[in-house]
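The values are calculated or read from the model by the stated rules, or taken from the named source; none is laboratory data. Since this is a predicted model, take the numbers as computed values, not measurements. Counting neighbours? That spans all protein chains shown, and the Cβs are built from the backbone with ideal geometry, glycine included. Each accessible area value is taken on the protein alone, full model and side chains, heavy atoms only, with ligands, DNA and RNA left out. Shrake-Rupley method; radii C 1.70, N 1.55, O 1.52, S 1.80 Å.
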Amino acid sequence: DIELRPRSFQLEPEAPAGVMNAVEFLAHAAGENVDRVRAKGERLARQARAEGLVYETDHVTGNSFDMLRLVHLGRRHGVGWRYLQSMQAAVFGGGPEAFEPDTLLRLGVAIGIPAARIREVLNGDRYADEVRGERQEAIDRGVTGVPFAVFAGDEVVPGAASVERYAGAIDRSWSRVRPRGG
């Protein structure tokens, strides 16, 4: 009764090719002091580690367009979440090669996607329209950042929302799709 699927929302479609330090990029984008952004990142890293997640404050960031196209490919192979999670682990783990085609290929092959399919996506424009379309759909719903969740097709909750807000969204959505007595 519940479908979970990763969606693509490219935060910075105009981000240049190549990688840059995430702290410096975020400070510049937000017009904030680098030290202040780094302190926020260090708090986030502590929270991530407490949850068993990898998060290096000074990880790299870059243009995520190819990664998001590959998430669509992963969905077609039934491993969209796993592919997204492996890419996020590579990025947030601090590896400077996280955005490299060889890394994306290795991660996809490790979860069962044929190398030839990954190369086709990376060497062409497959899933480009899907990435752009899902971004526009999210913007139309008022989304301004990631992560976010959409419940019952119309209720959007940002990732940093409280447990109570998520629970309320789940309850309201469930009651719309599963009326009483159903």
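Checking the condition in contact (Cβ under 8 Å) with a residue 40 or more places away in the chain and aliphatic (A, V, I, L, M), which residue from 109, 71 passes?
71
Please work out if residue 19 is touching a residue at least 60 places away in the same chain (Cβ under 8 Å), touching a Gly at 6+ places or on another chain (Cβ under 7 Å) and more than 22 Å from residue 157 (Cα to Cα). Break it down into steps so the answer makes sense when it comes.
Numbers: touching a residue at least 60 places away in the same chain (Cβ under 8 Å): yes; touching a Gly at 6+ places or on another chain (Cβ under 7 Å): yes; more than 22 Å from residue 157 (Cα to Cα): yes.
Here the answer is yes, as residue 19 does meet what is asked.
I'm checking my understanding of the structure. Among residues of region 78-100 that are in contact (Cβ under 8 Å) with a residue 60 or more places away in the chain and not in a helix (DSSP H, G or I), which one is least open to solvent (accessible area, probe 1.4 Å)?
98
So which residues in region 14-42 are open to solvent by less than 70 Å² (accessible area, probe 1.4 Å) and at pLDDT below 90, if there are any at all?
15, 18, 29, 30
Could you give me the residue pairs with C-beta distances under 7 Å whose first residue belongs to region 28-44 and is in a helix (DSSP H, G or I), whose second residue is not hydrophobic (A, V, I, L, M, F, W, C) wherever it lies, and which are 6+ apart or on separate chains?
Between residues of region 28-44 that are in a helix (DSSP H, G or I) and residues that are not hydrophobic (A, V, I, L, M, F, W, C), the close pairs are 34/24; 38/57; 41/57; 42/57; 44/55.
Let me spell it out: the conditions are (1) in a helix (DSSP H, G or I); (2) surrounded by 15 or more Cβ atoms within 10 Å (Cβ to Cβ), and residue 150 meets all of them except one. Which number is the exception?
Just one mismatch for residue 150, condition (1).
Quick check on this structure: which one of 143, 157, 163 is free of Cβ contacts under 8 Å to residues at least 40 places away in the same chain, open to solvent by less than 50 Å² (accessible area, probe 1.4 Å), hydrophobic (A, V, I, L, M, F, W, C) and farther than 24 Å from residue 77 by Cα? Walk me through it before giving the result.
On the way: 143 fails: free of Cβ contacts under 8 Å to residues at least 40 places away in the same chain; 163 fails: open to solvent by less than 50 Å² (accessible area, probe 1.4 Å).
On inspection, the qualifying residue turns out to be 157.
Could you look through region 43-60, keep only residues that are open to solvent by 80 Å² or more (accessible area, probe 1.4 Å) and not aliphatic (A, V, I, L, M), and pick out the one that is farthest from residue 159 (Cα to Cα)?
Taking the candidates together, the pick is 56.
Output the number of the condition that residue 120 fails; it satisfies all remaining conditions of (1) closer than 16 Å to residue 8 by Cα; (2) without any contact (Cβ under 8 Å) to a residue 24 or more places away in the chain; (3) part of a helix (DSSP H, G or I); (4) open to solvent by 60 Å² or more (accessible area, probe 1.4 Å).
(1)
Table: residues versus (1) over 17 Å from the mean Cα position of the chain (by Cα); (2) over 30 Å from residue 58 (Cα atoms).
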position: 84; (1), (2): no, no
position: 99; (1), (2): no, no
position: 111; (1), (2): yes, no
position: 121; (1), (2): yes, no
position: 134; (1), (2): no, no
position: 138; (1), (2): no, no
position: 152; (1), (2): yes, yes
position: 155; (1), (2): yes, yes
position: 162; (1), (2): yes, no
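Working carefully through the options 14, 3, find the one that is more than 30 Å from residue 176 (Cα to Cα), assigned to a loop (DSSP other than H, G, I, E, B) and of a type in the set (Asp, Glu).
Values: 3 fails: more than 30 Å from residue 176 (Cα to Cα).
Every option except 14 fails the conditions.
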